[in-house]
Amino acid sequence: MNEKLILRMREIVGRDNVLAEPEDLAVYSYDGTFEEHRPDVVVLPQTTQQVSKLIMLASDENIPVVPRGMASGLAASSVPFTGGIALSMTRMNQILEIDKLNSVARVEAGIVTVDLQSAVEKQDLFYPPDPSSIRHSTIGGNIACNAGGPRCLKYGVTGDYVLGLTLVLADGRVLKTGGKSIKDVAGYDLNSLFTGSEGTLGVITEAILKLISKPKFTQTALAEFSLLDDSAKAVNAILAQGILPATLELMDETAISCIEEAMHLGLPLDVESLLLIETDGADDLSVKREMALATSICREFGAREVKIAQTEGERAKLWKARRSVSPSLARKAPNKLGEDITVPRSAIPEAIRNLKDISTRYELPIVIFGHAGDGNLHPNILFDKRDPVQWEKVNQIVAEEFKLALRLGGTLTGEHGIGTLKRPFLREALGDVSIDIQRLIKSALDPKNILNPGKVIQD
Ligand SMILES: Cc1cc2nc3c(=O)[nH]c(=O)nc-3n(C[C@H](O)[C@H](O)[C@H](O)COP(=O)(O)OP(=O)(O)OC[C@H]3O[C@@H](n4cnc5c(N)ncnc54)[C@H](O)[C@@H]3O)c2cc1C
(Lines give C-alpha, C1' and ligand atoms only; values in the text may rest on other atoms or scores of the structure.)
Protein backbone atom coordinates (compact mmCIF):
# COMPACT_ATOMS: atom_id res chain seq x y z
CA MET A 1 0.00 0.00 0.00
CA ASN A 2 1.35 3.42 -0.84
CA GLU A 3 2.96 5.55 1.86
CA LYS A 4 0.53 8.44 1.44
CA LEU A 5 -2.47 6.26 2.29
CA ILE A 6 -0.68 4.74 5.27
CA LEU A 7 0.09 8.26 6.49
CA ARG A 8 -3.57 9.25 6.20
CA MET A 9 -4.59 6.13 8.15
CA ARG A 10 -2.03 7.02 10.84
CA GLU A 11 -3.55 10.50 11.07
CA ILE A 12 -6.93 8.89 11.78
CA VAL A 13 -5.99 6.18 14.33
CA GLY A 14 -2.51 7.15 15.52
CA ARG A 15 0.89 5.92 14.37
CA ASP A 16 1.06 2.77 16.52
CA ASN A 17 -2.34 1.57 15.35
CA VAL A 18 -1.33 1.05 11.73
CA LEU A 19 0.90 -1.94 10.98
CA ALA A 20 2.51 -2.53 7.59
CA GLU A 21 5.65 -4.59 8.27
CA PRO A 22 5.63 -8.01 6.52
CA GLU A 23 5.77 -9.88 9.85
CA ASP A 24 2.68 -7.99 11.07
CA LEU A 25 0.82 -8.66 7.85
CA ALA A 26 1.59 -12.38 8.21
CA VAL A 27 0.01 -12.44 11.68
CA TYR A 28 -3.24 -11.01 10.32
CA SER A 29 -3.40 -13.26 7.26
CA TYR A 30 -5.26 -16.30 8.60
CA ASP A 31 -8.17 -17.45 10.74
CA GLY A 32 -9.13 -20.80 12.34
CA THR A 33 -9.04 -22.59 8.98
CA PHE A 34 -6.09 -23.47 6.74
CA GLU A 35 -6.77 -20.50 4.43
CA GLU A 36 -4.32 -17.62 4.30
CA HIS A 37 -3.86 -14.30 2.48
CA ARG A 38 -2.01 -11.18 3.55
CA PRO A 39 -3.72 -7.81 3.93
CA ASP A 40 -1.89 -4.71 2.62
CA VAL A 41 -2.15 -3.01 5.99
CA VAL A 42 -3.51 -3.70 9.48
CA VAL A 43 -5.45 -0.97 11.29
CA LEU A 44 -6.45 -1.16 14.96
CA PRO A 45 -9.00 1.58 15.70
CA GLN A 46 -9.99 2.63 19.21
CA THR A 47 -13.24 4.54 18.65
CA THR A 48 -16.33 4.41 16.44
CA GLN A 49 -15.35 7.81 15.03
CA GLN A 50 -11.99 6.44 13.93
CA VAL A 51 -13.69 3.48 12.22
CA SER A 52 -16.05 5.89 10.48
CA LYS A 53 -13.24 8.12 9.17
CA LEU A 54 -11.21 5.13 8.09
CA ILE A 55 -14.09 3.60 6.15
CA MET A 56 -14.79 6.96 4.47
CA LEU A 57 -11.17 6.93 3.31
CA ALA A 58 -11.43 3.30 2.17
CA SER A 59 -14.63 4.06 0.29
CA ASP A 60 -13.08 7.09 -1.46
CA GLU A 61 -10.03 5.04 -2.44
CA ASN A 62 -11.90 1.75 -3.16
CA ILE A 63 -9.88 -0.21 -0.62
CA PRO A 64 -11.36 -3.48 0.70
CA VAL A 65 -11.93 -3.56 4.48
CA VAL A 66 -12.00 -6.92 6.25
CA PRO A 67 -13.24 -6.63 9.86
CA ARG A 68 -11.54 -8.97 12.28
CA GLY A 69 -12.02 -10.01 15.89
CA MET A 70 -9.75 -12.76 17.27
CA ALA A 71 -9.72 -14.61 13.91
CA SER A 72 -11.02 -17.84 15.44
CA GLY A 73 -13.59 -18.13 12.62
CA LEU A 74 -13.97 -21.48 10.88
CA ALA A 75 -15.25 -20.33 7.48
CA ALA A 76 -12.30 -18.19 6.32
CA SER A 77 -14.51 -15.11 6.62
CA SER A 78 -11.86 -12.88 8.17
CA VAL A 79 -9.09 -13.92 5.75
CA PRO A 80 -8.32 -10.85 3.58
CA PHE A 81 -8.22 -12.63 0.20
CA THR A 82 -8.52 -9.30 -1.62
CA GLY A 83 -5.75 -7.62 0.36
CA GLY A 84 -6.69 -4.14 1.59
CA ILE A 85 -7.21 -3.28 5.25
CA ALA A 86 -7.42 -5.93 7.98
CA LEU A 87 -9.51 -3.97 10.48
CA SER A 88 -8.70 -5.48 13.86
CA MET A 89 -11.29 -4.55 16.47
CA THR A 90 -9.34 -5.95 19.42
CA ARG A 91 -8.35 -2.55 20.86
CA MET A 92 -12.02 -1.65 21.27
CA ASN A 93 -12.44 -4.06 24.16
CA GLN A 94 -14.13 -2.11 26.95
CA ILE A 95 -17.27 -2.90 28.92
CA LEU A 96 -19.04 0.46 28.77
CA GLU A 97 -21.86 -0.35 31.21
CA ILE A 98 -23.46 -3.21 33.12
CA ASP A 99 -27.00 -2.05 33.85
CA LYS A 100 -28.23 -4.41 36.57
CA LEU A 101 -31.74 -3.00 36.77
CA ASN A 102 -32.42 -3.55 33.06
CA SER A 103 -30.17 -6.65 32.85
CA VAL A 104 -28.17 -5.36 29.89
CA ALA A 105 -24.50 -4.81 29.12
CA ARG A 106 -23.14 -2.22 26.71
CA VAL A 107 -19.77 -3.28 25.30
CA GLU A 108 -17.26 -2.45 22.63
CA ALA A 109 -17.13 -5.04 19.85
CA GLY A 110 -13.58 -6.23 20.50
CA ILE A 111 -14.15 -7.50 24.04
CA VAL A 112 -13.22 -11.16 24.42
CA THR A 113 -16.37 -13.22 25.09
CA VAL A 114 -15.12 -14.80 28.33
CA ASP A 115 -14.15 -11.39 29.74
CA LEU A 116 -17.73 -10.19 29.35
CA GLN A 117 -19.09 -13.43 30.84
CA SER A 118 -16.80 -13.22 33.89
CA ALA A 119 -17.60 -9.54 34.49
CA VAL A 120 -21.38 -10.00 34.43
CA GLU A 121 -21.23 -13.19 36.53
CA LYS A 122 -19.53 -11.18 39.29
CA GLN A 123 -22.81 -9.25 39.47
CA ASP A 124 -24.95 -12.43 39.52
CA LEU A 125 -25.94 -11.88 35.91
CA PHE A 126 -25.42 -14.27 33.02
CA TYR A 127 -24.53 -13.94 29.33
CA PRO A 128 -25.35 -17.44 28.02
CA PRO A 129 -23.86 -17.74 24.49
CA ASP A 130 -20.72 -19.83 24.97
CA PRO A 131 -18.85 -20.75 21.80
CA SER A 132 -16.12 -23.24 22.65
CA SER A 133 -13.76 -20.47 21.55
CA ILE A 134 -14.92 -18.12 24.36
CA ARG A 135 -11.32 -17.35 25.27
CA HIS A 136 -10.32 -16.69 21.66
CA SER A 137 -13.29 -14.86 20.15
CA THR A 138 -14.79 -11.38 20.45
CA ILE A 139 -18.37 -10.30 20.93
CA GLY A 140 -18.19 -8.48 17.56
CA GLY A 141 -17.07 -11.71 15.86
CA ASN A 142 -19.76 -13.67 17.74
CA ILE A 143 -22.45 -11.26 16.55
CA ALA A 144 -21.06 -11.18 13.00
CA CYS A 145 -21.27 -15.02 12.87
CA ASN A 146 -24.31 -15.37 15.15
CA ALA A 147 -22.23 -17.76 17.22
CA GLY A 148 -23.71 -20.59 19.21
CA GLY A 149 -22.27 -23.02 21.72
CA PRO A 150 -23.07 -25.88 24.08
CA ARG A 151 -25.49 -23.84 26.22
CA CYS A 152 -27.51 -22.62 23.24
CA LEU A 153 -29.84 -25.62 23.36
CA LYS A 154 -31.62 -24.07 26.33
CA TYR A 155 -30.63 -20.43 26.08
CA GLY A 156 -30.46 -19.61 22.37
CA VAL A 157 -27.68 -18.19 20.18
CA THR A 158 -25.86 -14.84 20.20
CA GLY A 159 -28.56 -13.16 18.10
CA ASP A 160 -31.12 -13.86 20.84
CA TYR A 161 -29.12 -11.53 23.12
CA VAL A 162 -28.51 -8.61 20.73
CA LEU A 163 -30.73 -5.69 21.74
CA GLY A 164 -28.86 -2.93 19.96
CA LEU A 165 -25.82 -2.25 17.80
CA THR A 166 -23.60 0.63 16.79
CA LEU A 167 -22.28 0.03 13.29
CA VAL A 168 -20.23 1.85 10.71
CA LEU A 169 -21.72 1.43 7.24
CA ALA A 170 -19.78 1.07 3.99
CA ASP A 171 -19.91 4.84 3.33
CA GLY A 172 -18.67 5.67 6.84
CA ARG A 173 -22.06 6.68 8.31
CA VAL A 174 -22.73 5.54 11.87
CA LEU A 175 -25.95 3.55 12.37
CA LYS A 176 -27.51 2.80 15.74
CA THR A 177 -30.06 0.00 15.95
CA GLY A 178 -32.33 -1.03 18.84
CA GLY A 179 -31.65 -0.04 22.44
CA LYS A 180 -32.17 -1.27 25.98
CA SER A 181 -35.88 -2.04 25.55
CA ILE A 182 -36.76 -5.72 25.41
CA LYS A 183 -39.73 -5.07 23.12
CA ASP A 184 -39.00 -3.03 20.00
CA VAL A 185 -40.73 -3.51 16.65
CA ALA A 186 -40.21 -0.03 15.24
CA GLY A 187 -39.29 -0.56 11.59
CA TYR A 188 -37.44 -3.49 10.04
CA ASP A 189 -35.42 -5.64 12.43
CA LEU A 190 -31.95 -4.33 11.64
CA ASN A 191 -30.34 -6.09 14.63
CA SER A 192 -31.19 -9.38 12.94
CA LEU A 193 -30.03 -8.18 9.53
CA PHE A 194 -26.54 -7.33 10.76
CA THR A 195 -26.30 -10.31 13.12
CA GLY A 196 -24.69 -13.11 11.12
CA SER A 197 -23.67 -10.78 8.26
CA GLU A 198 -19.97 -11.72 8.66
CA GLY A 199 -18.64 -8.18 8.29
CA THR A 200 -20.13 -7.77 4.81
CA LEU A 201 -22.78 -5.15 5.64
CA GLY A 202 -21.24 -3.02 8.39
CA VAL A 203 -18.56 -2.89 11.07
CA ILE A 204 -19.96 -3.47 14.55
CA THR A 205 -18.28 -1.14 17.03
CA GLU A 206 -20.60 -1.47 20.05
CA ALA A 207 -23.39 -3.76 21.21
CA ILE A 208 -26.15 -3.68 23.80
CA LEU A 209 -26.65 -7.24 25.03
CA LYS A 210 -29.45 -8.82 27.01
CA LEU A 211 -28.40 -10.56 30.23
CA ILE A 212 -30.35 -12.96 32.43
CA SER A 213 -30.05 -14.05 36.05
CA LYS A 214 -27.22 -16.43 36.73
CA PRO A 215 -28.54 -19.98 37.27
CA LYS A 216 -27.87 -20.85 40.91
CA PHE A 217 -27.67 -24.62 40.60
CA THR A 218 -26.04 -26.91 38.06
CA GLN A 219 -25.66 -30.65 37.59
CA THR A 220 -23.26 -32.09 35.04
CA ALA A 221 -23.03 -35.71 33.93
CA LEU A 222 -21.19 -37.86 31.47
CA ALA A 223 -23.03 -40.82 29.91
CA GLU A 224 -20.99 -43.60 28.29
CA PHE A 225 -22.51 -45.45 25.34
CA SER A 226 -21.14 -48.59 23.73
CA LEU A 227 -23.08 -47.71 20.57
CA LEU A 228 -23.08 -44.25 18.97
CA ASP A 229 -26.55 -44.82 17.56
CA ASP A 230 -27.95 -45.37 21.08
CA SER A 231 -26.58 -42.05 22.30
CA ALA A 232 -28.16 -40.22 19.34
CA LYS A 233 -31.50 -41.86 20.14
CA ALA A 234 -31.14 -40.97 23.84
CA VAL A 235 -30.77 -37.27 22.92
CA ASN A 236 -34.17 -37.32 21.21
CA ALA A 237 -35.78 -39.29 24.02
CA ILE A 238 -34.54 -36.81 26.66
CA LEU A 239 -35.93 -33.82 24.77
CA ALA A 240 -39.17 -35.63 23.95
CA GLN A 241 -39.72 -36.02 27.71
CA GLY A 242 -39.90 -32.23 27.99
CA ILE A 243 -36.54 -31.96 29.75
CA LEU A 244 -34.51 -29.03 28.44
CA PRO A 245 -30.91 -29.45 29.59
CA ALA A 246 -28.63 -26.43 29.18
CA THR A 247 -26.26 -28.77 27.34
CA LEU A 248 -26.48 -32.07 25.45
CA GLU A 249 -23.13 -32.56 23.74
CA LEU A 250 -22.04 -35.64 21.86
CA MET A 251 -18.46 -36.86 21.29
CA ASP A 252 -17.67 -39.94 19.21
CA GLU A 253 -14.87 -42.48 19.78
CA THR A 254 -12.28 -40.66 17.65
CA ALA A 255 -12.99 -37.40 19.46
CA ILE A 256 -12.65 -39.23 22.80
CA SER A 257 -9.31 -40.80 21.87
CA CYS A 258 -7.95 -37.47 20.59
CA ILE A 259 -8.90 -35.70 23.84
CA GLU A 260 -7.44 -38.51 25.92
CA GLU A 261 -4.16 -38.50 24.00
CA ALA A 262 -3.84 -34.75 24.43
CA MET A 263 -5.21 -34.15 27.92
CA HIS A 264 -5.10 -37.49 29.87
CA LEU A 265 -8.42 -36.86 31.61
CA GLY A 266 -9.30 -40.52 32.18
CA LEU A 267 -12.07 -40.77 29.57
CA PRO A 268 -13.14 -44.33 28.63
CA LEU A 269 -11.55 -45.53 25.39
CA ASP A 270 -13.79 -48.56 24.84
CA VAL A 271 -17.04 -46.73 24.09
CA GLU A 272 -18.44 -45.40 20.81
CA SER A 273 -19.75 -42.20 22.28
CA LEU A 274 -20.12 -39.92 25.27
CA LEU A 275 -22.93 -37.50 26.07
CA LEU A 276 -22.15 -34.49 28.23
CA ILE A 277 -25.36 -33.41 29.92
CA GLU A 278 -25.86 -30.33 32.06
CA THR A 279 -29.04 -29.16 33.74
CA ASP A 280 -29.26 -25.81 35.48
CA GLY A 281 -31.76 -23.41 37.03
CA ALA A 282 -32.86 -21.43 40.07
CA ASP A 283 -34.22 -24.39 42.01
CA ASP A 284 -31.89 -27.13 43.21
CA LEU A 285 -34.59 -29.82 43.37
CA SER A 286 -35.84 -29.35 39.82
CA VAL A 287 -32.27 -29.23 38.48
CA LYS A 288 -31.58 -32.57 40.21
CA ARG A 289 -34.94 -34.01 39.12
CA GLU A 290 -34.24 -33.14 35.48
CA MET A 291 -30.80 -34.73 35.69
CA ALA A 292 -32.20 -37.88 37.34
CA LEU A 293 -34.73 -38.23 34.52
CA ALA A 294 -32.11 -37.57 31.81
CA THR A 295 -29.71 -40.12 33.29
CA SER A 296 -32.39 -42.79 33.62
CA ILE A 297 -33.34 -42.24 29.94
CA CYS A 298 -29.67 -42.67 29.00
CA ARG A 299 -29.58 -46.00 30.86
CA GLU A 300 -32.83 -47.06 29.20
CA PHE A 301 -31.21 -46.36 25.82
CA GLY A 302 -28.15 -48.44 26.57
CA ALA A 303 -25.71 -46.20 28.48
CA ARG A 304 -23.38 -48.56 30.32
CA GLU A 305 -22.51 -45.91 32.90
CA VAL A 306 -23.63 -42.37 33.78
CA LYS A 307 -21.42 -40.38 36.14
CA ILE A 308 -22.69 -37.19 37.74
CA ALA A 309 -19.94 -34.72 38.71
CA GLN A 310 -19.83 -34.47 42.51
CA THR A 311 -17.48 -31.51 42.83
CA GLU A 312 -16.74 -28.32 40.91
CA GLY A 313 -13.37 -29.90 40.02
CA GLU A 314 -15.06 -32.92 38.43
CA ARG A 315 -17.41 -30.66 36.51
CA ALA A 316 -14.51 -28.53 35.28
CA LYS A 317 -12.77 -31.69 34.06
CA LEU A 318 -15.79 -32.73 31.99
CA TRP A 319 -15.97 -29.30 30.41
CA LYS A 320 -12.24 -29.31 29.80
CA ALA A 321 -12.75 -32.52 27.84
CA ARG A 322 -15.52 -31.03 25.70
CA ARG A 323 -13.67 -27.77 25.05
CA SER A 324 -10.51 -29.62 24.08
CA VAL A 325 -12.04 -31.65 21.25
CA SER A 326 -11.24 -29.24 18.46
CA PRO A 327 -7.65 -28.37 19.51
CA SER A 328 -6.80 -32.04 20.25
CA LEU A 329 -7.69 -33.16 16.72
CA ALA A 330 -4.59 -31.34 15.50
CA ARG A 331 -2.46 -34.14 17.00
CA LYS A 332 -4.05 -36.81 14.78
CA ALA A 333 -3.47 -35.35 11.31
CA PRO A 334 -1.72 -32.36 9.75
CA ASN A 335 -5.07 -30.80 8.76
CA LYS A 336 -8.70 -30.88 9.80
CA LEU A 337 -11.78 -29.46 8.18
CA GLY A 338 -14.57 -28.92 10.66
CA GLU A 339 -18.06 -28.61 9.28
CA ASP A 340 -21.08 -27.31 11.08
CA ILE A 341 -24.16 -28.93 9.56
CA THR A 342 -27.53 -28.81 11.26
CA VAL A 343 -30.42 -31.23 10.89
CA PRO A 344 -33.79 -31.45 12.64
CA ARG A 345 -32.90 -33.27 15.82
CA SER A 346 -35.08 -36.28 14.96
CA ALA A 347 -32.66 -36.89 12.06
CA ILE A 348 -29.50 -36.99 14.23
CA PRO A 349 -29.22 -40.81 14.32
CA GLU A 350 -29.59 -40.97 10.53
CA ALA A 351 -27.11 -38.10 10.03
CA ILE A 352 -24.53 -39.87 12.20
CA ARG A 353 -25.00 -43.22 10.44
CA ASN A 354 -24.53 -41.51 7.06
CA LEU A 355 -21.43 -39.61 8.21
CA LYS A 356 -19.85 -42.88 9.38
CA ASP A 357 -20.67 -44.41 6.00
CA ILE A 358 -19.08 -41.45 4.14
CA SER A 359 -15.95 -41.82 6.28
CA THR A 360 -15.70 -45.53 5.47
CA ARG A 361 -16.26 -45.02 1.74
CA TYR A 362 -13.59 -42.32 1.40
CA GLU A 363 -11.20 -44.01 3.86
CA LEU A 364 -10.62 -40.78 5.78
CA PRO A 365 -11.45 -40.34 9.47
CA ILE A 366 -14.44 -38.08 10.22
CA VAL A 367 -14.64 -37.17 13.88
CA ILE A 368 -18.20 -36.47 15.00
CA PHE A 369 -19.00 -34.21 17.90
CA GLY A 370 -21.23 -31.26 18.54
CA HIS A 371 -24.38 -29.82 19.97
CA ALA A 372 -26.54 -32.89 19.44
CA GLY A 373 -29.44 -31.40 21.40
CA ASP A 374 -30.05 -28.76 18.76
CA GLY A 375 -29.13 -30.95 15.78
CA ASN A 376 -25.86 -29.09 15.15
CA LEU A 377 -23.05 -31.54 14.41
CA HIS A 378 -19.38 -30.80 13.73
CA PRO A 379 -18.05 -33.59 11.51
CA ASN A 380 -14.30 -32.94 11.33
CA ILE A 381 -12.41 -34.55 8.46
CA LEU A 382 -8.80 -35.41 9.35
CA PHE A 383 -6.37 -35.34 6.42
CA ASP A 384 -3.08 -34.17 4.98
CA LYS A 385 -3.57 -31.25 2.60
CA ARG A 386 -0.19 -31.91 0.97
CA ASP A 387 -1.58 -35.15 -0.47
CA PRO A 388 -3.63 -34.21 -3.58
CA VAL A 389 -5.58 -37.48 -3.44
CA GLN A 390 -6.68 -36.79 0.14
CA TRP A 391 -7.50 -33.15 -0.68
CA GLU A 392 -9.72 -34.22 -3.57
CA LYS A 393 -11.47 -36.70 -1.28
CA VAL A 394 -12.02 -33.93 1.30
CA ASN A 395 -13.77 -31.77 -1.28
CA GLN A 396 -16.02 -34.64 -2.23
CA ILE A 397 -16.77 -35.46 1.41
CA VAL A 398 -17.71 -31.85 2.15
CA ALA A 399 -20.12 -31.82 -0.81
CA GLU A 400 -21.66 -35.10 0.42
CA GLU A 401 -22.01 -33.76 3.97
CA PHE A 402 -23.88 -30.70 2.75
CA LYS A 403 -26.14 -32.79 0.50
CA LEU A 404 -26.86 -35.03 3.46
CA ALA A 405 -27.80 -32.09 5.69
CA LEU A 406 -30.10 -30.63 3.02
CA ARG A 407 -31.69 -34.01 2.28
CA LEU A 408 -32.49 -34.44 5.97
CA GLY A 409 -34.15 -31.00 6.10
CA GLY A 410 -31.20 -29.18 7.65
CA THR A 411 -28.69 -26.64 6.43
CA LEU A 412 -24.99 -25.86 5.82
CA THR A 413 -24.12 -24.10 9.03
CA GLY A 414 -25.58 -23.66 12.48
CA GLU A 415 -23.03 -21.21 13.87
CA HIS A 416 -19.76 -20.87 11.94
CA GLY A 417 -21.19 -18.95 9.00
CA ILE A 418 -20.57 -19.16 5.26
CA GLY A 419 -17.34 -17.19 4.68
CA THR A 420 -15.79 -18.50 1.50
CA LEU A 421 -15.64 -22.20 2.38
CA LYS A 422 -19.38 -22.84 2.21
CA ARG A 423 -20.19 -20.15 -0.34
CA PRO A 424 -20.30 -22.53 -3.35
CA PHE A 425 -23.14 -24.46 -1.70
CA LEU A 426 -25.28 -21.53 -0.58
CA ARG A 427 -27.49 -21.29 -3.68
CA GLU A 428 -28.41 -24.96 -3.39
CA ALA A 429 -29.29 -24.47 0.27
CA LEU A 430 -31.28 -21.24 -0.07
CA GLY A 431 -32.61 -21.16 -3.62
CA ASP A 432 -32.41 -18.51 -6.36
CA VAL A 433 -34.91 -16.05 -4.90
CA SER A 434 -33.18 -15.90 -1.53
CA ILE A 435 -29.77 -15.42 -3.18
CA ASP A 436 -31.19 -12.58 -5.33
CA ILE A 437 -32.58 -10.84 -2.26
CA GLN A 438 -29.34 -11.25 -0.34
CA ARG A 439 -27.41 -9.75 -3.27
CA LEU A 440 -29.80 -6.79 -3.35
CA ILE A 441 -29.30 -6.18 0.37
CA LYS A 442 -25.52 -6.31 -0.06
CA SER A 443 -25.48 -3.93 -3.03
CA ALA A 444 -27.89 -1.50 -1.32
CA LEU A 445 -25.71 -1.29 1.78
CA ASP A 446 -22.32 -1.61 0.13
CA PRO A 447 -22.59 -0.54 -3.53
CA LYS A 448 -18.81 -0.37 -3.96
CA ASN A 449 -18.37 -3.83 -2.42
CA ILE A 450 -15.61 -2.76 -0.04
CA LEU A 451 -16.80 -4.53 3.13
CA ASN A 452 -15.36 -8.05 3.32
CA PRO A 453 -15.74 -8.62 -0.43
CA GLY A 454 -16.31 -12.14 -1.70
CA LYS A 455 -17.61 -13.47 1.61
CA VAL A 456 -21.04 -15.10 2.01
CA ILE A 457 -22.30 -13.99 -1.43
CA GLN A 458 -20.24 -14.45 -4.61
CA ASP A 459 -19.32 -11.11 -6.26
C1 LIG B 1 -11.46 -24.20 18.82
C2 LIG B 1 -12.62 -23.46 18.24
C3 LIG B 1 -13.89 -23.69 18.75
C4 LIG B 1 -14.99 -23.00 18.23
N5 LIG B 1 -16.22 -23.24 18.76
C6 LIG B 1 -17.29 -22.54 18.32
C7 LIG B 1 -18.58 -22.75 18.89
O8 LIG B 1 -18.76 -23.55 19.80
N9 LIG B 1 -19.59 -22.02 18.40
C10 LIG B 1 -19.41 -21.10 17.39
O11 LIG B 1 -20.39 -20.46 17.01
N12 LIG B 1 -18.21 -20.91 16.83
C13 LIG B 1 -17.15 -21.58 17.26
N14 LIG B 1 -15.92 -21.38 16.70
C15 LIG B 1 -15.79 -20.43 15.57
C16 LIG B 1 -15.45 -18.98 15.99
O17 LIG B 1 -14.83 -18.95 17.24
C18 LIG B 1 -16.70 -18.11 15.99
O19 LIG B 1 -17.18 -17.98 14.67
C20 LIG B 1 -16.50 -16.71 16.58
O21 LIG B 1 -17.76 -16.09 16.66
C22 LIG B 1 -15.55 -15.83 15.78
O23 LIG B 1 -15.20 -14.70 16.57
P24 LIG B 1 -13.87 -13.90 16.28
O25 LIG B 1 -13.83 -12.71 17.17
O26 LIG B 1 -12.70 -14.78 16.33
O27 LIG B 1 -14.16 -13.41 14.78
P28 LIG B 1 -13.21 -13.51 13.49
O29 LIG B 1 -12.86 -14.92 13.23
O30 LIG B 1 -12.13 -12.53 13.61
O31 LIG B 1 -14.23 -13.01 12.37
C32 LIG B 1 -15.32 -13.81 12.02
C33 LIG B 1 -16.24 -12.99 11.10
O34 LIG B 1 -16.79 -11.90 11.82
C35 LIG B 1 -16.47 -10.67 11.18
N36 LIG B 1 -16.24 -9.70 12.25
C37 LIG B 1 -15.42 -9.82 13.32
N38 LIG B 1 -15.54 -8.73 14.10
C39 LIG B 1 -16.45 -7.91 13.49
C40 LIG B 1 -16.98 -6.63 13.81
N41 LIG B 1 -16.64 -5.97 14.92
N42 LIG B 1 -17.88 -6.09 12.94
C43 LIG B 1 -18.26 -6.75 11.82
N44 LIG B 1 -17.78 -7.95 11.49
C45 LIG B 1 -16.90 -8.53 12.32
C46 LIG B 1 -15.24 -10.96 10.33
O47 LIG B 1 -15.16 -10.09 9.23
C48 LIG B 1 -15.54 -12.38 9.90
O49 LIG B 1 -16.44 -12.36 8.83
C50 LIG B 1 -14.80 -22.06 17.18
C51 LIG B 1 -13.52 -21.83 16.68
C52 LIG B 1 -12.46 -22.51 17.19
C53 LIG B 1 -11.09 -22.23 16.63
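Within the range 149-180, the set of residues being at pLDDT below 95 and not hydrophobic (A, V, I, L, M, F, W, C) comprises GLY149, PRO150, ARG151.
Has the range 123-137 got any residue that is crowded, with 23+ Cβ neighbours inside 10 Å, aromatic (Phe, Trp, Tyr) and either away from the ligand (no atom under 15 Å from the Cβ) or modelled with pLDDT of 95 or more (or both)? Within the range 123-137, one or more residues are crowded, with 23+ Cβ neighbours inside 10 Å, aromatic (Phe, Trp, Tyr) and either away from the ligand (no atom under 15 Å from the Cβ) or modelled with pLDDT of 95 or more (or both). The residue of the range 393-451 that is farthest from the ligand (Cβ to nearest atom), among those that are of a type outside the set (Gly, Ala, Ser), within 21 Å of ASP189 (Cβ to Cβ) and assigned to a loop (DSSP other than H, G, I, E, B), is ASP446.
Would you mind stating whether GLU314 is within 26 Å of GLY414 (Cβ to Cβ) and either part of a strand (DSSP E or B) or among the charged types (D, E, K, R) (or both)? Answer is no for this residue. Of the set (1) more than 18 Å from LYS180 (Cβ to Cβ); (2) of a type in the set (Gly, Ala, Ser); (3) more than 11 Å from the ligand (Cβ to nearest atom), all apply to ALA119 but (1).
Considered as a group, the residues in the range 19-78 that are small (Gly, Ala, Ser) and more than 19 Å from GLY141 (Cβ to Cβ) include one that is surrounded by the most Cβ atoms within 10 Å (Cβ to Cβ), and that residue is ALA58.
Given the condition outside any strand (DSSP E or B) and near the ligand (Cβ under 8 Å from one of its atoms), answer yes or no: does some residue in the range 154-163 qualify? Yes, the range 154-163 contains a residue that is outside any strand (DSSP E or B) and near the ligand (Cβ under 8 Å from one of its atoms). The residues listed here are GLU339, GLU350, GLU363; of these, the one that is modelled with pLDDT of 95 or more and of a type in the set (D, E, K, R) is GLU363. Within 12 Å of the ligand (Cβ to nearest atom), over 20 Å from the mean Cα position of the chain (by Cα) and not small (Gly, Ala, Ser), is that true of VAL65? For VAL65, the condition - within 12 Å of the ligand (Cβ to nearest atom), over 20 Å from the mean Cα position of the chain (by Cα) and not small (Gly, Ala, Ser) - is met.
For the range 39-74, a tally of residues being farther than 20 Å from GLN94 by Cβ, in contact with a helix residue (DSSP H, G or I) (Cβ under 9 Å, 6 or more places away or on another chain) and β-branched (Val, Ile, Thr) returns 4. The residues of the range 338-354 that are surrounded by fewer than 22 Cβ atoms within 10 Å (Cβ to Cβ) and aliphatic (A, V, I, L, M) amount to a single one, ALA347.
Criterion first (more than 13 Å from the ligand (Cβ to nearest atom), surrounded by fewer than 20 Cβ atoms within 10 Å (Cβ to Cβ) and either part of a loop (DSSP other than H, G, I, E, B) or among the hydroxyl-bearing types (Ser, Thr, Tyr) (or both)) does ASN102 satisfy it? Yes: the conditions hold for ASN102.
The values are calculated or read from the model by the stated rules, or taken from the named source; none is laboratory data. If you're wondering where the values come from, they're calculated on a predicted model, not measured in any experiment. Note: ideal-geometry Cβ built from the backbone for every residue, glycine included; neighbour counts use all protein chains shown.
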